[in-house]
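Single-structure report; data block below.
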Amino acid sequence: MSLESAALRRVKPSPTIAVSAKARELAREGRDIIGLAAGEPDFDTPDNVKEAAIRAIQDGKTKYTDVDGIPELKAAIRAKFKRENGLDYGLDQINVSPGGKPVLYNAFVATLSPGDEVVIPTPYWVSYPDMVYLAGGEPVFAPTTAQDGFRLKPEALEAAITPRTKWLVLNSPSNPSGAAYTAQELRALADVLVRHPQVWVLTDDMYEHLLYDDFPFATIAQVAPELYDRTLTMNGVSKAYAMTGWRIGYAGGPAPLIKAMAKVMSQSTSNPCSISQWAAVEALSGPQGFIKARAKAFQARRDLVVSMLNQAPGLSCPRPEGAFYVYPSCAGLIGKTAPTGKVIQTDEDVASELLQAEGVAVVHGAAFGLSPFFRISYATSEHVLEDACGRIQRFCASLS
Ligand SMILES: Cc1ncc(COP(=O)(O)O)c(C=O)c1O
(Lines give C-alpha, C1' and ligand atoms only; values in the text may rest on other atoms or scores of the structure.)
Protein backbone atom coordinates (compact mmCIF):
# COMPACT_ATOMS: atom_id res chain seq x y z
CA MET A 1 0.00 0.00 0.00
CA SER A 2 1.31 3.47 -0.85
CA LEU A 3 2.23 5.78 2.02
CA GLU A 4 0.94 8.77 0.07
CA SER A 5 -2.77 9.39 -0.41
CA ALA A 6 -4.28 9.17 -3.90
CA ALA A 7 -4.56 12.98 -3.91
CA LEU A 8 -0.94 13.53 -2.85
CA ARG A 9 0.33 11.12 -5.49
CA ARG A 10 -0.93 13.55 -8.14
CA VAL A 11 1.11 16.41 -6.65
CA LYS A 12 4.55 17.31 -8.01
CA PRO A 13 7.21 18.52 -5.58
CA SER A 14 7.69 22.26 -6.14
CA PRO A 15 9.99 22.68 -9.18
CA THR A 16 11.13 26.09 -7.98
CA ILE A 17 12.29 24.59 -4.68
CA ALA A 18 14.02 21.76 -6.62
CA VAL A 19 15.97 24.26 -8.76
CA SER A 20 17.01 26.24 -5.67
CA ALA A 21 18.15 23.00 -3.96
CA LYS A 22 20.27 22.03 -7.01
CA ALA A 23 21.79 25.53 -7.08
CA ARG A 24 22.64 25.32 -3.37
CA GLU A 25 24.25 21.91 -3.91
CA LEU A 26 26.51 23.33 -6.65
CA ALA A 27 27.35 26.33 -4.44
CA ARG A 28 28.39 23.94 -1.64
CA GLU A 29 30.72 22.27 -4.14
CA GLY A 30 32.39 25.65 -4.52
CA ARG A 31 30.74 26.76 -7.79
CA ASP A 32 29.95 30.45 -8.27
CA ILE A 33 26.15 30.32 -8.54
CA ILE A 34 23.60 33.07 -9.17
CA GLY A 35 20.11 32.06 -8.13
CA LEU A 36 17.32 33.69 -10.13
CA ALA A 37 14.71 31.09 -9.18
CA ALA A 38 13.30 32.41 -5.91
CA GLY A 39 10.12 34.49 -5.82
CA GLU A 40 10.68 36.92 -3.00
CA PRO A 41 11.59 40.59 -2.74
CA ASP A 42 15.20 41.24 -1.68
CA PHE A 43 14.03 44.30 0.30
CA ASP A 44 13.54 44.12 4.07
CA THR A 45 10.25 44.41 5.98
CA PRO A 46 9.74 48.12 6.83
CA ASP A 47 10.83 49.20 10.34
CA ASN A 48 7.38 50.46 11.38
CA VAL A 49 6.00 46.99 10.69
CA LYS A 50 8.75 45.29 12.70
CA GLU A 51 8.14 47.69 15.57
CA ALA A 52 4.40 46.93 15.56
CA ALA A 53 5.24 43.23 15.91
CA ILE A 54 7.60 43.91 18.82
CA ARG A 55 4.88 45.98 20.51
CA ALA A 56 2.38 43.15 19.99
CA ILE A 57 4.72 40.73 21.77
CA GLN A 58 5.32 43.18 24.62
CA ASP A 59 1.58 43.83 24.97
CA GLY A 60 0.87 40.11 25.30
CA LYS A 61 -0.90 39.75 21.95
CA THR A 62 0.38 36.20 21.98
CA LYS A 63 -2.77 34.10 22.37
CA TYR A 64 -5.18 32.36 20.00
CA THR A 65 -7.20 34.85 17.97
CA ASP A 66 -10.42 34.58 15.99
CA VAL A 67 -9.80 31.76 13.53
CA ASP A 68 -9.88 33.82 10.34
CA GLY A 69 -8.35 37.03 11.64
CA ILE A 70 -8.56 39.70 14.35
CA PRO A 71 -11.25 42.37 13.77
CA GLU A 72 -8.55 45.10 13.72
CA LEU A 73 -6.82 43.44 10.76
CA LYS A 74 -10.10 42.79 8.99
CA ALA A 75 -10.92 46.48 9.40
CA ALA A 76 -7.53 47.44 7.91
CA ILE A 77 -8.15 45.06 4.98
CA ARG A 78 -11.65 46.44 4.53
CA ALA A 79 -10.15 49.94 4.31
CA LYS A 80 -7.48 48.76 1.87
CA PHE A 81 -10.07 47.21 -0.49
CA LYS A 82 -12.09 50.42 -0.38
CA ARG A 83 -9.13 52.78 -0.76
CA GLU A 84 -7.24 50.95 -3.47
CA ASN A 85 -9.82 48.84 -5.31
CA GLY A 86 -13.16 50.57 -4.79
CA LEU A 87 -14.47 47.32 -3.30
CA ASP A 88 -16.81 47.20 -0.34
CA TYR A 89 -16.47 44.14 1.89
CA GLY A 90 -18.04 43.80 5.34
CA LEU A 91 -15.96 42.27 8.13
CA ASP A 92 -17.88 38.99 7.64
CA GLN A 93 -16.68 39.02 4.03
CA ILE A 94 -12.97 38.98 4.86
CA ASN A 95 -10.67 36.03 5.46
CA VAL A 96 -7.14 36.22 6.88
CA SER A 97 -5.03 33.08 6.44
CA PRO A 98 -1.39 32.17 7.20
CA GLY A 99 -0.19 33.46 3.78
CA GLY A 100 -1.71 33.97 0.37
CA LYS A 101 -1.15 30.30 -0.45
CA PRO A 102 -3.43 29.07 2.38
CA VAL A 103 -6.15 31.54 1.30
CA LEU A 104 -6.27 29.75 -2.05
CA TYR A 105 -5.96 26.32 -0.49
CA ASN A 106 -8.73 27.00 2.03
CA ALA A 107 -11.01 28.25 -0.74
CA PHE A 108 -10.43 25.11 -2.83
CA VAL A 109 -10.81 22.72 0.11
CA ALA A 110 -13.99 24.53 1.15
CA THR A 111 -15.63 24.31 -2.28
CA LEU A 112 -14.29 21.51 -4.50
CA SER A 113 -15.93 18.10 -4.72
CA PRO A 114 -14.43 15.21 -6.74
CA GLY A 115 -14.71 15.97 -10.46
CA ASP A 116 -15.15 19.73 -10.01
CA GLU A 117 -12.99 21.63 -12.48
CA VAL A 118 -10.80 24.70 -12.03
CA VAL A 119 -9.77 26.64 -15.14
CA ILE A 120 -6.14 27.73 -14.89
CA PRO A 121 -4.56 29.83 -17.67
CA THR A 122 -1.04 28.79 -18.71
CA PRO A 123 1.63 29.72 -17.83
CA TYR A 124 0.46 29.39 -14.22
CA TRP A 125 1.94 29.81 -10.78
CA VAL A 126 3.17 26.31 -9.92
CA SER A 127 0.94 25.84 -6.88
CA TYR A 128 -2.50 26.26 -8.49
CA PRO A 129 -2.86 22.83 -10.14
CA ASP A 130 -1.37 20.97 -7.21
CA MET A 131 -3.61 22.72 -4.70
CA VAL A 132 -6.58 21.74 -6.86
CA TYR A 133 -5.39 18.11 -6.82
CA LEU A 134 -4.97 18.19 -3.04
CA ALA A 135 -8.50 19.51 -2.68
CA GLY A 136 -9.80 16.67 -4.90
CA GLY A 137 -10.58 18.77 -7.99
CA GLU A 138 -9.41 18.72 -11.60
CA PRO A 139 -7.33 21.50 -13.15
CA VAL A 140 -8.28 22.43 -16.73
CA PHE A 141 -5.59 24.40 -18.52
CA ALA A 142 -6.46 27.32 -20.78
CA PRO A 143 -3.49 28.28 -22.94
CA THR A 144 -2.24 31.80 -23.60
CA THR A 145 0.50 32.84 -26.04
CA ALA A 146 3.45 35.20 -25.91
CA GLN A 147 1.89 37.04 -28.90
CA ASP A 148 -1.18 37.79 -26.73
CA GLY A 149 1.09 38.95 -23.90
CA PHE A 150 0.31 35.75 -21.92
CA ARG A 151 -3.22 37.07 -21.30
CA LEU A 152 -6.21 34.74 -21.46
CA LYS A 153 -8.48 35.51 -24.43
CA PRO A 154 -12.26 35.26 -24.01
CA GLU A 155 -12.42 32.48 -26.67
CA ALA A 156 -9.89 30.37 -24.75
CA LEU A 157 -11.88 30.88 -21.55
CA GLU A 158 -15.13 29.92 -23.25
CA ALA A 159 -13.53 26.76 -24.65
CA ALA A 160 -12.26 25.68 -21.21
CA ILE A 161 -15.59 26.02 -19.38
CA THR A 162 -17.79 22.92 -18.87
CA PRO A 163 -20.83 22.29 -16.66
CA ARG A 164 -18.35 21.00 -14.02
CA THR A 165 -16.33 24.25 -13.89
CA LYS A 166 -16.36 25.67 -10.38
CA TRP A 167 -13.60 28.26 -10.52
CA LEU A 168 -11.53 30.35 -12.89
CA VAL A 169 -8.18 31.41 -11.44
CA LEU A 170 -6.90 34.80 -12.59
CA ASN A 171 -3.51 36.15 -11.55
CA SER A 172 -2.55 39.69 -12.50
CA PRO A 173 0.27 40.69 -12.52
CA SER A 174 1.26 37.10 -13.16
CA ASN A 175 3.81 34.79 -11.75
CA PRO A 176 5.60 33.60 -13.95
CA SER A 177 5.01 35.92 -16.94
CA GLY A 178 4.63 39.32 -15.26
CA ALA A 179 1.63 39.95 -17.54
CA ALA A 180 -1.17 42.16 -16.22
CA TYR A 181 -4.73 42.66 -17.48
CA THR A 182 -6.29 46.01 -18.29
CA ALA A 183 -9.80 46.74 -17.01
CA GLN A 184 -11.04 46.31 -20.57
CA GLU A 185 -9.49 42.86 -20.90
CA LEU A 186 -11.02 41.80 -17.59
CA ARG A 187 -14.38 43.12 -18.78
CA ALA A 188 -14.17 40.90 -21.88
CA LEU A 189 -13.50 37.85 -19.67
CA ALA A 190 -16.36 38.86 -17.39
CA ASP A 191 -18.71 38.93 -20.39
CA VAL A 192 -17.95 35.22 -20.89
CA LEU A 193 -18.42 34.44 -17.19
CA VAL A 194 -21.77 36.19 -17.05
CA ARG A 195 -23.06 33.45 -19.39
CA HIS A 196 -21.84 30.69 -17.01
CA PRO A 197 -23.35 31.30 -13.58
CA GLN A 198 -21.78 28.12 -12.11
CA VAL A 199 -18.26 29.57 -12.46
CA TRP A 200 -16.68 31.49 -9.58
CA VAL A 201 -13.56 33.65 -9.94
CA LEU A 202 -10.54 33.45 -7.74
CA THR A 203 -8.40 36.47 -8.48
CA ASP A 204 -4.85 36.35 -7.10
CA ASP A 205 -3.81 40.00 -6.79
CA MET A 206 -0.62 39.30 -4.84
CA TYR A 207 1.53 41.48 -7.14
CA GLU A 208 -0.93 44.40 -7.30
CA HIS A 209 1.67 46.93 -6.21
CA LEU A 210 4.40 45.76 -8.54
CA LEU A 211 3.25 47.42 -11.77
CA TYR A 212 5.41 49.58 -14.03
CA ASP A 213 5.13 52.44 -16.52
CA ASP A 214 2.03 53.67 -14.65
CA PHE A 215 0.03 50.60 -15.72
CA PRO A 216 -3.26 50.93 -13.78
CA PHE A 217 -4.19 47.95 -11.63
CA ALA A 218 -7.63 46.43 -12.14
CA THR A 219 -9.40 43.55 -10.42
CA ILE A 220 -12.45 41.74 -11.77
CA ALA A 221 -14.93 42.32 -8.91
CA GLN A 222 -14.49 46.06 -9.42
CA VAL A 223 -14.60 45.94 -13.21
CA ALA A 224 -17.62 43.58 -13.31
CA PRO A 225 -19.81 44.27 -10.25
CA GLU A 226 -22.27 41.59 -11.41
CA LEU A 227 -19.57 39.01 -10.56
CA TYR A 228 -19.01 40.38 -7.04
CA ASP A 229 -21.21 37.64 -5.52
CA ARG A 230 -19.04 34.90 -7.02
CA THR A 231 -15.56 36.39 -6.80
CA LEU A 232 -12.90 35.83 -4.18
CA THR A 233 -10.44 38.74 -4.32
CA MET A 234 -7.18 37.46 -2.85
CA ASN A 235 -4.17 39.50 -1.83
CA GLY A 236 -1.51 39.56 0.88
CA VAL A 237 1.34 41.42 2.49
CA SER A 238 4.10 39.04 1.34
CA LYS A 239 5.26 40.81 -1.82
CA ALA A 240 4.11 44.43 -1.45
CA TYR A 241 5.48 44.81 2.08
CA ALA A 242 8.40 42.35 1.81
CA MET A 243 6.79 40.13 4.48
CA THR A 244 7.12 36.65 2.96
CA GLY A 245 8.20 35.08 6.25
CA TRP A 246 5.40 36.58 8.34
CA ARG A 247 2.71 34.48 6.63
CA ILE A 248 -0.31 36.72 6.23
CA GLY A 249 -2.63 36.56 3.23
CA TYR A 250 -6.21 37.73 2.93
CA ALA A 251 -9.27 37.80 0.72
CA GLY A 252 -12.64 39.48 0.32
CA GLY A 253 -15.64 37.56 -0.96
CA PRO A 254 -19.23 36.47 -0.37
CA ALA A 255 -19.99 35.81 3.32
CA PRO A 256 -21.03 32.13 2.86
CA LEU A 257 -17.68 31.35 1.17
CA ILE A 258 -15.73 33.22 3.87
CA LYS A 259 -17.62 31.25 6.52
CA ALA A 260 -16.82 27.95 4.78
CA MET A 261 -13.12 28.90 4.62
CA ALA A 262 -13.13 29.69 8.36
CA LYS A 263 -14.62 26.23 8.97
CA VAL A 264 -11.65 24.66 7.13
CA MET A 265 -9.22 26.73 9.22
CA SER A 266 -11.00 25.88 12.47
CA GLN A 267 -10.11 22.20 11.97
CA SER A 268 -6.68 22.66 10.40
CA THR A 269 -4.37 25.64 10.95
CA SER A 270 -6.49 27.72 13.37
CA ASN A 271 -5.60 31.41 13.33
CA PRO A 272 -2.64 33.01 11.53
CA CYS A 273 0.18 34.06 13.92
CA SER A 274 -1.20 36.75 16.27
CA ILE A 275 2.00 38.82 16.11
CA SER A 276 2.09 38.77 12.31
CA GLN A 277 -1.54 39.90 12.23
CA TRP A 278 -0.68 43.00 14.28
CA ALA A 279 2.30 43.63 11.99
CA ALA A 280 -0.04 43.39 9.00
CA VAL A 281 -2.40 45.96 10.57
CA GLU A 282 0.54 48.38 10.60
CA ALA A 283 1.64 47.43 7.07
CA LEU A 284 -1.80 48.14 5.62
CA SER A 285 -2.58 51.22 7.74
CA GLY A 286 0.87 52.86 8.06
CA PRO A 287 2.85 54.86 5.48
CA GLN A 288 2.54 53.46 1.95
CA GLY A 289 5.03 55.71 0.13
CA PHE A 290 7.90 53.20 0.06
CA ILE A 291 5.86 50.84 -2.14
CA LYS A 292 6.14 53.16 -5.14
CA ALA A 293 9.85 53.71 -4.54
CA ARG A 294 10.47 49.97 -4.48
CA ALA A 295 8.36 49.47 -7.61
CA LYS A 296 10.61 52.02 -9.34
CA ALA A 297 13.67 49.96 -8.42
CA PHE A 298 11.98 46.83 -9.79
CA GLN A 299 11.09 48.66 -13.00
CA ALA A 300 14.74 49.58 -13.59
CA ARG A 301 15.72 45.95 -13.01
CA ARG A 302 13.05 44.72 -15.42
CA ASP A 303 14.31 47.08 -18.11
CA LEU A 304 17.89 45.95 -17.61
CA VAL A 305 17.01 42.24 -17.77
CA VAL A 306 14.67 42.54 -20.78
CA SER A 307 17.24 44.52 -22.72
CA MET A 308 20.15 42.18 -21.94
CA LEU A 309 18.15 39.00 -22.63
CA ASN A 310 17.01 40.34 -25.99
CA GLN A 311 20.69 40.69 -26.92
CA ALA A 312 21.25 36.97 -26.26
CA PRO A 313 21.14 34.95 -29.52
CA GLY A 314 18.13 32.60 -29.54
CA LEU A 315 16.17 34.35 -26.77
CA SER A 316 13.17 36.61 -27.12
CA CYS A 317 11.95 38.38 -24.00
CA PRO A 318 8.65 40.28 -23.82
CA ARG A 319 8.55 43.33 -21.53
CA PRO A 320 6.04 42.44 -18.81
CA GLU A 321 3.78 44.95 -17.06
CA GLY A 322 4.46 43.82 -13.51
CA ALA A 323 5.61 41.37 -10.78
CA PHE A 324 9.34 40.65 -10.63
CA TYR A 325 9.58 37.97 -13.30
CA VAL A 326 10.36 37.79 -16.99
CA TYR A 327 9.41 34.81 -19.13
CA PRO A 328 11.63 34.73 -22.22
CA SER A 329 11.11 32.28 -25.07
CA CYS A 330 14.06 29.97 -25.69
CA ALA A 331 12.60 28.48 -28.88
CA GLY A 332 15.72 29.71 -30.70
CA LEU A 333 17.95 27.46 -28.59
CA ILE A 334 16.06 24.20 -29.18
CA GLY A 335 18.00 21.84 -31.47
CA LYS A 336 21.37 23.49 -30.71
CA THR A 337 24.31 21.70 -29.11
CA ALA A 338 25.72 22.73 -25.73
CA PRO A 339 29.48 22.73 -24.99
CA THR A 340 28.91 19.45 -23.08
CA GLY A 341 27.83 17.87 -26.39
CA LYS A 342 24.21 17.66 -25.31
CA VAL A 343 21.61 18.54 -27.91
CA ILE A 344 19.07 20.89 -26.31
CA GLN A 345 15.58 19.51 -26.75
CA THR A 346 13.46 21.17 -24.06
CA ASP A 347 13.39 24.24 -21.84
CA GLU A 348 14.40 21.95 -18.99
CA ASP A 349 17.59 21.17 -20.96
CA VAL A 350 18.18 24.92 -21.37
CA ALA A 351 17.86 25.49 -17.61
CA SER A 352 20.08 22.57 -16.64
CA GLU A 353 22.82 23.30 -19.23
CA LEU A 354 22.77 26.99 -18.23
CA LEU A 355 23.19 26.04 -14.59
CA GLN A 356 26.04 23.63 -15.41
CA ALA A 357 27.85 25.92 -17.85
CA GLU A 358 27.43 29.36 -16.27
CA GLY A 359 26.04 28.74 -12.78
CA VAL A 360 22.81 30.66 -13.37
CA ALA A 361 19.70 29.07 -11.84
CA VAL A 362 16.42 29.74 -13.68
CA VAL A 363 13.17 27.74 -13.73
CA HIS A 364 12.15 25.95 -16.94
CA GLY A 365 8.81 26.84 -18.51
CA ALA A 366 7.42 23.29 -18.40
CA ALA A 367 7.09 23.79 -14.63
CA PHE A 368 4.61 26.60 -15.34
CA GLY A 369 2.75 24.70 -18.08
CA LEU A 370 4.02 26.63 -21.13
CA SER A 371 7.14 25.72 -23.14
CA PRO A 372 9.70 26.51 -24.47
CA PHE A 373 10.30 29.37 -22.03
CA PHE A 374 12.03 29.92 -18.72
CA ARG A 375 11.39 32.20 -15.77
CA ILE A 376 13.83 34.63 -14.27
CA SER A 377 13.10 36.35 -10.97
CA TYR A 378 14.74 39.78 -10.98
CA ALA A 379 14.25 40.42 -7.27
CA THR A 380 17.96 40.99 -6.79
CA SER A 381 20.46 43.82 -7.28
CA GLU A 382 21.22 45.32 -10.70
CA HIS A 383 24.84 44.37 -10.23
CA VAL A 384 23.94 40.67 -9.82
CA LEU A 385 21.42 40.85 -12.67
CA GLU A 386 24.03 42.31 -15.02
CA ASP A 387 26.42 39.52 -14.15
CA ALA A 388 23.70 36.86 -14.58
CA CYS A 389 22.43 38.22 -17.91
CA GLY A 390 26.02 38.51 -19.18
CA ARG A 391 26.48 34.83 -18.38
CA ILE A 392 23.21 33.95 -20.14
CA GLN A 393 24.38 35.86 -23.24
CA ARG A 394 27.67 33.94 -23.13
CA PHE A 395 25.83 30.62 -22.74
CA CYS A 396 23.55 31.33 -25.70
CA ALA A 397 26.49 32.38 -27.86
CA SER A 398 28.37 29.18 -26.94
CA LEU A 399 25.70 26.92 -28.47
CA SER A 400 26.32 25.58 -31.95
C1 LIG B 1 1.02 34.37 -7.71
C2 LIG B 1 1.28 34.08 -6.29
N3 LIG B 1 0.24 33.92 -5.46
C4 LIG B 1 0.40 33.65 -4.16
C5 LIG B 1 1.66 33.52 -3.62
C6 LIG B 1 1.78 33.12 -2.17
O7 LIG B 1 2.09 34.09 -1.33
P8 LIG B 1 2.36 33.77 0.21
O9 LIG B 1 3.84 33.73 0.38
O10 LIG B 1 1.73 34.90 0.95
O11 LIG B 1 1.73 32.46 0.55
C12 LIG B 1 2.78 33.66 -4.43
C13 LIG B 1 4.13 33.47 -3.88
O14 LIG B 1 5.08 33.21 -4.55
C15 LIG B 1 2.58 33.96 -5.80
O16 LIG B 1 3.62 34.10 -6.63
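The values are calculated or read from the model by the stated rules, or taken from the named source; none is laboratory data. What you are looking at is a predicted structure, and each value in this text was computed from that prediction instead of being measured. Please note: Cβ atoms are built from the backbone with ideal geometry, for glycine as well, and neighbour counts cover all protein chains shown. We work out accessible area using only protein heavy atoms, side chains counted, and drop any ligands, DNA or RNA first. Shrake-Rupley method; radii C 1.70, N 1.55, O 1.52, S 1.80 Å.
With a/c under 1.5 counting as rounded, go ahead and sort the stretch 168-283 into rounded, prolate or oblate using the C-alpha gyration tensor (a ≥ b ≥ c being the square roots of the eigenvalues; past the cut-off, prolate if a/b is larger than b/c, else oblate).
Values: a/c = 2.50, a/b = 1.23, b/c = 2.03.
Here the stretch 168-283 falls in the oblate category.
Calculate what fraction, in whole %, of the accessible area of the stretch 64-285 sits on carbon and sulfur atoms when a 1.4 Å probe is rolled over the protein chains. Provide the component values of the computation, followed by the final result.
Working: 4260 of 7710 Å².
Its accessible area is 55 percent carbon and sulfur atoms.
Applying D = kT/(6 pi eta Rh) to the stretch 1-65, where Rh is the Kirkwood radius over alpha-carbon pairs, T corresponds to 37 °C and eta to 0.692 mPa s, the Stokes-Einstein value obtained is 199 µm²/s. For the stretch 353-362, putting each phi into the Karplus relation 6.51 cos²θ - 1.76 cosθ + 1.60 with θ = phi - 60° gives couplings of 5, 5, 5, 5, 6, 10, x, 10, 9, 10 Hz, in residue order, rounded to whole numbers and with x for Gly and Pro. Solvent-accessible area assigned to carbon and sulfur over the stretch 288-382 amounts to 53 percent, based on a 1.4 Å probe.
How much accessible area per residue does the chain have, in Å², with a 1.4 Å probe? The partial results should precede the final answer.
Numbers: 16290 Å² over 400 residues.
Counting only protein heavy atoms, the per-residue value for the chain is 41 Å².
The share of Cα pairs per 20 Å bin across the chain, counted from zero up to the longest distance, runs 27, 58, 15, 0 percent.
With runs of 4+ DSSP H residues as the only contributors, calculate the mean residue ellipticity of the chain at 222 nm using -39,500 (n - 2.57) per run, divided by the residue total and rounded to the nearest 500.
Working: 14 runs with 163 residues, N = 400.
Only helices count here, giving -12500 deg cm²/dmol.
How many percent of DSSP beta bridges within the chain run antiparallel, rounded to 5? Roughly 45 percent of the beta bridges in the chain run antiparallel, per DSSP.
So what is the relative contact order of the chain, in percent, for Cα pairs below 8 Å that sit 6 or more residues apart? Walk me through the numbers on the way to the answer.
Numbers: 789 pairs, mean separation 88.1, N = 400.
The normalised contact order for the chain reaches 22 percent.
Please identify the longest segment of the chain free of exposed trypsin sites (Lys or Arg not before Pro), where exposed means a DSSP state other than H, G, I, E or B and no more than 10 other Cβ atoms within 10 Å. Walk me through the numbers before you get to the answer.
Numbers: sites that count: 63, 195.
Looking at the chain, 196-400 is the longest stretch - no exposed trypsin sites (Lys or Arg not before Pro) with at most 10 other Cβ atoms within 10 Å.
Taking amide hydrogens as placed 1.01 Å from N in the peptide plane, the amide H of residue 271 sits under 5 Å from those of 65, each at least 5 positions away in sequence or on another chain.
Over the stretch 64-285, what lengths in whole Å, largest first, do the semi-axes of the equivalent ellipsoid take, defined as the square roots of 5 times the eigenvalues of the alpha-carbon gyration tensor?
Numbers: eigenvalues 134, 79, 49 Å².
For the stretch 64-285, the ellipsoid semi-axes come out as 26, 20, 16 Å.
What percentage of all Cα-Cα pairs in the stretch 1-147 are separated by more than 19 Å? Display every interim value, and only then the final one.
Numbers: 7725 of 10731 pairs.
Of all Cα-Cα distances in the stretch 1-147, 72 percent exceed 19 Å.
Which order do the peptides 210-218, 65-73 come out in when sorted by mean C-beta neighbours inside 10 angstrom, highest first? Present the calculation step by step, with values, prior to reporting the outcome.
Working: 210-218: 16.0, 65-73: 20.1.
By packing density, highest mean first, the sequence is 65-73, 210-218.
Projecting the Cα positions of 110, 161, 133 onto the charge dipole of the stretch 64-285 (unit charges on Cβ atoms of Lys, Arg, Asp and Glu, taken about the Cα centre) puts 110 furthest along the positive direction.
Residues whose amide H falls under 5 Å from that of residue 241, counting only those 5 or more places apart or on a different chain, are absent, with hydrogens built in the peptide plane.
Annotation: the antiparallel percentage among DSSP beta bridges lying fully within the stretch 64-285 is about 30.
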